[in-house]
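First comes the structure, then the notes that go with it.
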């Protein structure tokens, strides 16, 4: 959509790649624009999902605050990547699966672990036990089985980490819901970056 303002033309990206406008710091509402600028100043790029969320300053603030706070938590980075991959795969969110697979590979997860994570599993027993619990929590219509919670504790996950892991599930669910509602397409990925789910 083009809006003429004198000789200036402001372009908001809304094409077949999204049902919502994909904003940047020039087209976003003022409150969102400042957040987008801070993301870029921090050396990160603004992906399509963040560009969509920028359409609502309240949503973008909530999303970025939750992400920032959870990144400061005690959960290992590799665990966070596994959770994000598992939830995105569970929801059939190809856009997020590709994004998470790339970031997991960049963080050092091997192709086999990326593939396993997409199925809520890991070759590492410690990680696998937590993923099994999180899958049950995600799929359960009521409380997840208590024995899975106890098993996660027995292999060394403490309450703080379990709570953070559940919060990461919620964050990944939010991201997948938004990506699906926006109909964001998956980015191109080579088989080396995005192996099939185990």
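Read-outs throughout are calculated quantities, based only on the coordinates presented, and are distinct from any laboratory measurement. Computed from a prediction, not measured in an experiment: that's the story for all the values here. All Cβ positions, glycine included, derive from the backbone under ideal geometry; neighbour counts span all protein chains shown.
Values as computed for the structure displayed
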| quantity | calculated |
| --- | --- |
| Angle in degrees between helix 77-90 and the longest Cα principal axis of the chain, rounded to the nearest 10 | 80 |
| Ascending count of other beta-carbon atoms within 10 Å, so fewest first, for 56, 74 | 74, 56 |
| Folded to 0 to 90 degrees: helix 57-71 orientation relative to the chain principal axis, Cα | 40 |
| Likely footprinting exposure, 20, 174, 120, fewest C-beta neighbours within 10 Å first | 174, 20, 120 |
| Residue order, fewest to most beta carbons within 10 Å, for 105, 80, 61 | 61, 105, 80 |
| Angle in degrees between helix 30-41 and the longest Cα principal axis of the chain, rounded to the nearest 10 | 60 |
| Cα gyration tensor, segment 77-182 - rounded (a/c under 1.5), prolate or oblate | oblate |
